[in-house]
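Notes to accompany the following structure.
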Amino acid sequence: MTQEQIRQAIIDQILEIAPDIEQGDIIPDKNIQRSLEIDSFDFLKILTALNEIIGVEVPEKDYAKVDTLEHMTEYFREKLLK
Amino acid sequence: MSEFVMPSLGADMESAILMEWLVKVGDHVTKGQVIAEVETSKGVIEIEVFEEGIVDKLLVKEETECAVGTPLAIIRGSDEAAVTQVIEKAERIKASPAARKKAKEMGVELSSLAASGKVHLAQLETFASKAPKIIAPNGMRQAIAKAMSRSNAEIPHYYLSTSINMTPALNWLEALNATRTIAQRILPAALLIRAVVLALKEVPELNGFWQDGGPQISEQINPGIAIALRKGGLITPALINTNELSLDETMHSLGDLISRTRAGKLRNTEMTQQTITITNLGDLGVESVYGVIYPPQVAIVGLGRIMDAPWAQGDSLSVRKIMQATLAGDHRATDGRTGALFLDKLNQILQDPQELL
């Protein structure tokens, strides 16, 4: 998966879980949960769906590394390289 | 032979629209089966039947607004013969589909216009031009307004609060989740619900109703969970029989309830059988919340956002994950002592989290 594909997969899942959000609302360096009002339940749903698509599980201790769209894209890219 | 009537889905509901029949005449129905969908101010609700039998007659057409108590269908026992008598149709408000749609957008009750017979679009437009220019609150806003006004007028609330050190419970949960796949993880919200339920088993006086001038304790523990809707508004559907669920089952039921609430697919039992309310379980919430009790319930538990804070233990000061737990109680049903006992039990349970499994 390219960086752009990972990024699009994340955006797609956010839009799937929160249909009222528009792509333009997702600011790459803003905290996903706080800026888009996504609670821990929906956040877990997004990570569960991404695990199925990308094949990478984010452990709870790494949540701080996937707080923004930028960080999450980078996190998945690095895990896929390993 | 019995009538299946439009159920009351909350003390504040007067009517609802029967949207769709999920059964037809001649179908065999069992206790608890969902047989219709109705649209209320709180969204689309699935309606269950409470007896076994055969659908003898459907009395109301789809997309009809019906008052609470209106007979919707006749259910006969499997061994009874079909009725032949004609049952008078429930009175319903006649309106053209365009008028019904417009009225909904405007937040106007069709019944307020129906005096002259069928409601037409032109009538609504006249009404709109005369109406003062205020934003008409939608049905959900009105339902909340009604229930909360009644609560504040009738219920003498008392409020208690305590700080709970959540570090032991969260550490325990993190270790548990580290051994699981992502789909099996437990969220702190489920852990907290489970802890509240265990504390209520010890202090049952807070789980029940004030009805007919006296307190009634409920054996089932069905906490109403405050769930914010993304498009605005709040619903507190019940997690039914949480007293019989393990931690994993509580998490599973909570996930299912949140998903169905946001998809507008709740059942009537979930809308009406709350025995207590738990609010502000969100990680986006405030530090502490002093709730307004939803009548006829007698208590509401508020769980604030978990935050890093200084915590003194013995002679040492350290940083811990701290949560403000609050309780608003109905002073007619219980005294502050009961509420204090509950918060103390809740705290004790959360210090010994392995008991929560």
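The values are calculated or read from the model by the stated rules, or taken from the named source; none is laboratory data. Values in this document were obtained by computation on a predicted structure and should not be read as measured data. Counting neighbours? That spans all protein chains shown, and the Cβs are built from the backbone with ideal geometry, glycine included. With ligands, DNA and RNA removed, areas are computed over all heavy atoms of the protein, side chains included. Shrake-Rupley method; radii C 1.70, N 1.55, O 1.52, S 1.80 Å.
One residue stands out in region B:144-171 among those that are farther than 30 Å from residue B:191 by Cα and among the hydrophobic types (A, V, I, L, M, F, W, C): the one that is modelled with the highest pLDDT, namely B:153. The set of residues from region B:186-210 being away from every other protein chain (no Cβ under 12 Å) and open to solvent by 20 Å² or more (accessible area, probe 1.4 Å) comprises B:194, B:198, B:201, B:202, B:204, B:205, B:209, B:210. On the stretch given as region A:16-52, residues that are within 11 Å of chain B (Cβ to nearest Cβ) and in contact (Cβ under 8 Å) with a residue 24 or more places away in the chain total 10.
Scanning region A:6-15 for residues that are within 14 Å of another protein chain (Cβ to nearest Cβ) and either of a type in the set (Asp, Glu) or under 9 Å from the mean Cα position of the chain (by Cα) (or both) gives A:13, A:14. Scanning region B:213-234 finds no residues that are assigned to a helix (DSSP H, G or I), at pLDDT 95 or above and of a type outside the set (Phe, Trp, Tyr).
The strands (runs of 3 or more DSSP E) located wholly in region B:1-80 that include 2 or more residues which are buried (at least 20 other Cβ atoms within 10 Å of the Cβ) occupy B:15-21, B:34-40, B:43-48, B:53-58, B:64-67, B:71-76. Scanning region B:321-335 for residues that are crowded, with 21+ Cβ neighbours inside 10 Å and of a type outside the set (S, T, N, Q) yields a total of 7. Scanning region A:12-46 for residues that are under 15 Å from residue B:182 (Cα atoms) and touching a helix residue (DSSP H, G or I) at 6+ places or on another chain (Cβ under 6 Å) yields a count of 5. Can you find a residue that is assigned by TED's automatic domain parsing to the domain that holds residue B:291, of a type in the set (S, T, N, Q), exposed (fewer than 15 other Cβ atoms within 10 Å of the Cβ) and over 25 Å from residue B:32 (Cα atoms) anywhere in region B:241-259? Checked against the condition, which is being assigned by TED's automatic domain parsing to the domain that holds residue B:291, of a type in the set (S, T, N, Q), exposed (fewer than 15 other Cβ atoms within 10 Å of the Cβ) and over 25 Å from residue B:32 (Cα atoms), region B:241-259 yields no hits at all. Pairing residues of region A:55-75 that are within 23 Å of residue B:176 (Cβ to Cβ) with residues that are aliphatic (A, V, I, L, M) and outside any helix (DSSP H, G or I), at Cβ distances under 7 Å and at least 6 apart in sequence or on separate chains, gives A:66/A:58. Does residue B:290 meet the test of being open to solvent by less than 70 Å² (accessible area, probe 1.4 Å), of a type in the set (Phe, Trp, Tyr) and within 20 Å of residue B:189 (Cβ to Cβ)? Taking the combined requirement at face value, the residue does not satisfy it.
Scanning region A:14-49 for residues that are over 17 Å from residue A:63 (Cα atoms) and open to solvent by less than 40 Å² (accessible area, probe 1.4 Å) turns up A:17, A:18, A:21, A:26.
Residue pairs whose Cβ atoms lie under 6 Å apart, separated by 6 or more positions or on different chains, with the first residue in region B:180-196 and farther than 18 Å from residue B:342 by Cα and the second acidic (Asp, Glu) and open to solvent by 40 Å² or more (accessible area, probe 1.4 Å), are B:182/A:57.
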